[in-house]
Amino acid sequence: MRQKIVAGNWKMNTTYDEGLQLANAIVKASIYDKKVILIPPFTHLKGVSNIINNKTIFLGAQNCHWEEYGAYTGEISAKMLRSIGVYYVLIGHSERRIHFKETSELLLRKIRTALANELKVIFCCGEPESVRNELKHNEYVKKQLEETIFHLPAQEVKNIIIAYEPIWAIGTGKTATPKQAEEIHAFIRHALSDKFDMTTAESTSILYGGSCKPENAKELFSQPNIDGGLIGGASLKAQEFLSIIDQL
Ligand code: PGA
């Protein structure tokens with residue numbers, strides 16, 4: 001059985017105190033049977049790591065560098081993250097691909113370094129609106145996978161969670177319909193099975209992200225190939241985030 005997960009990507013939001021308050025509110029809600037990953041900004045990681053239990057609530061980072069250390073002013077490495085109790089790292093988020101020009105080649109280097117430092121990777125993929133309108137989303141996402149995680153050996157893929165996040169749905173309030181999301185999740189799973197094997201495909205969690213909120217989470221999560229969500233905006237309000245977790 002693959003894992004069901006809800007991850008909250010706080011992006012560049014909350015001050016340190018606000019972040020700790022948010023984490024505390026989530027921890028206090030006593031989530032016993034769901035897996036939750038909190039992904040705060042770098043400055044909050046250590047503080048949040050002191051609050052969470054690492055049994056049901058885990059810590060993730062929003063990015064890491066492709067090298068372990070060196071002369072890269074302003075950057076944070078996978079090794080540093082692991083050393084403070086981070087278990088997961090987001091790689092390939094569309095905001096990093098767009099604003100920071102991160103290419104598949106670079107993302108693959110980051111993935112390899114993260115895995116080598118015992119971080120699990122939440123790998124994001126997803127198409128822009130123009131591609132969806134042309135109905136070329138499957139090919140587009142497949143290419144994103146071919147250029148990155150398909151270069152890994154099958155035994156490494158067990159440390160990858162895939163997050164399908166259509167760019168047109170991120171922060172827009174426009175969610176993919178459960179049917180649209182389920183179709184592409186099934187397509188991704190099929191592609192994993194073709195490239196690796198059935199066991200790898202069946203055990204990889206594929207999360208949906210893009211304006212997922214309390215009102216639409218249940219229907220999305222009830223689809224057979226949707227194993228949870230990567231939540232942006234709604235992860236910044238404890239009640240909304242907890243309500244989404246409840247629906248997993
Ligand atoms: P959103 O963001 O939930 O605010 O659309 C999702 C994400 O970017 O991970």
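The values are calculated or read from the model by the stated rules, or taken from the named source; none is laboratory data. The model shown is predicted, which means the values in this text are computed figures rather than measured ones. All Cβ positions, glycine included, derive from the backbone under ideal geometry; neighbour counts span all protein chains shown. All accessible areas refer to the heavy atoms of the entire protein, side chains included, with ligands and DNA or RNA removed. Shrake-Rupley method; radii C 1.70, N 1.55, O 1.52, S 1.80 Å.
Give the residues of region 123-138 that are at positive phi and either touching a residue at least 40 places away in the same chain (Cβ under 8 Å) or open to solvent by less than 10 Å² (accessible area, probe 1.4 Å) (or both), sorted by residue number.
If the condition is that a residue be at positive phi and either touching a residue at least 40 places away in the same chain (Cβ under 8 Å) or open to solvent by less than 10 Å² (accessible area, probe 1.4 Å) (or both), then G126 is the only one that fits.
Out of the residues in region 70-103 that are assigned to a helix (DSSP H, G or I) and surrounded by fewer than 17 Cβ atoms within 10 Å (Cβ to Cβ), state the one that is farthest from the ligand (Cβ to nearest atom).
Initial filter on region 70-103 (assigned to a helix (DSSP H, G or I)): 78-83, 94-99.
This time we only want the ones that are surrounded by fewer than 17 Cβ atoms within 10 Å (Cβ to Cβ), so: 83, 98-99.
On the way: S83: 25, I98: 11, H99: 12 Å.
Ranking the qualifying residues of region 70-103, first place goes to S83.
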Subject >> Residue check, T200 away from the ligand (no atom under 16 Å from the Cβ), in contact (Cβ under 8 Å) with a residue 40 or more places away in the chain and not small (G, A, S) >> reply: yes
**OP:** Please state which of the following conditions W10 fails to meet, knowing it meets all the rest: (1) touching a residue at least 60 places away in the same chain (Cβ under 8 Å); (2) away from the ligand (no atom under 16 Å from the Cβ); (3) under 19 Å from H93 (Cα atoms).
**Re:** (2)
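For K195, state whether it is at pLDDT 95 or above, away from the ligand (no atom under 16 Å from the Cβ), under 24 Å from N117 (Cα atoms) and open to solvent by 60 Å² or more (accessible area, probe 1.4 Å).
Numbers: at pLDDT 95 or above: yes; away from the ligand (no atom under 16 Å from the Cβ): yes; under 24 Å from N117 (Cα atoms): no; open to solvent by 60 Å² or more (accessible area, probe 1.4 Å): yes.
So K195 does not fit the description; no.
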Original post:
Inside region 215-248, can you point out the residues that are within 10 Å of the ligand (Cβ to nearest atom) and of a type in the set (S, T, N, Q)?
Top reply: S235
**OP:** Scan region 204-219 for residues that are within 16 Å of the chain's Cα centre (by Cα) and in contact (Cβ under 8 Å) with a residue 40 or more places away in the chain and jot them down.
**Re:** T204, S205, I206, L207, Y208, G209, G210, S211
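Here is a check on your reading of the model: is V141 within 18 Å of the chain's Cα centre (by Cα) and within 16 Å of the ligand (Cβ to nearest atom)? I'd like the intermediate steps shown before the answer.
Working: within 18 Å of the chain's Cα centre (by Cα): yes; within 16 Å of the ligand (Cβ to nearest atom): yes.
Yes; evaluated as a whole, the condition is true for this residue.
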**OP:** May I ask you to list pairs of residues, at least six apart or on different chains, whose Cβ atoms are under 9 Å apart, with the first in region 172-186 being without any contact (Cβ under 8 Å) to a residue 12 or more places away in the chain and the second being within 16 Å of the ligand (Cβ to nearest atom) and open to solvent by 40 Å² or more (accessible area, probe 1.4 Å)?
**Re:** T177/E219
Original post:
Counting just the residues of region 198-232 that are out of contact with any strand residue (DSSP E or B) (no Cβ under 6 Å at 6 or more places or on another chain) and among the aliphatic types (A, V, I, L, M), which one comes out most open to solvent (accessible area, probe 1.4 Å)?
Top reply: M198
Original post:
For the subset of region 8-28 comprising residues that are crowded, with 16+ Cβ neighbours inside 10 Å and within 15 Å of D246 (Cβ to Cβ), which member is farthest from the chain's Cα centre (by Cα)?
Top reply: I26
Subject >> Residues located in region 118-138, provided they are touching a helix residue (DSSP H, G or I) at 6+ places or on another chain (Cβ under 8 Å) and assigned to a helix (DSSP H, G or I) >> reply: E129, V131, R132, H137, N138
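Any idea how many residues of region 139-149 are of a type in the set (S, T, Y) and either surrounded by 21 or more Cβ atoms within 10 Å (Cβ to Cβ) or not in a helix (DSSP H, G or I) (or both)?
Residues of region 139-149 that are of a type in the set (S, T, Y), as a first pass: 140, 148.
Remaining after also requiring either surrounded by 21 or more Cβ atoms within 10 Å (Cβ to Cβ) or not in a helix (DSSP H, G or I) (or both): 148.
Number satisfying all stated conditions: 1.
Go over the candidates A181, A169, A163 one by one and state the one that is open to solvent by less than 10 Å² (accessible area, probe 1.4 Å), under 21 Å from I244 (Cα atoms) and in contact with a Cys (Cβ under 8 Å, 6 or more places away or on another chain).
Values: A181 fails: in contact with a Cys (Cβ under 8 Å, 6 or more places away or on another chain); A169 fails: in contact with a Cys (Cβ under 8 Å, 6 or more places away or on another chain).
Result: A163 is the single residue among A181, A169, A163 that is open to solvent by less than 10 Å² (accessible area, probe 1.4 Å), under 21 Å from I244 (Cα atoms) and in contact with a Cys (Cβ under 8 Å, 6 or more places away or on another chain).
Can you find, within region 53-69, the residue that is nearest to S30 (Cα to Cα) among those that are part of a strand (DSSP E or B) and more than 16 Å from the ligand (Cβ to nearest atom)?
Within region 53-69, the first condition is being part of a strand (DSSP E or B), and the residues that meet it are 57-61.
Then keep just the ones that are more than 16 Å from the ligand (Cβ to nearest atom); that gives 57-59.
Numbers: I57: 10, F58: 13, L59: 16 Å.
Checked region 53-69; the qualifying residue nearest to S30 (Cα to Cα) is I57.
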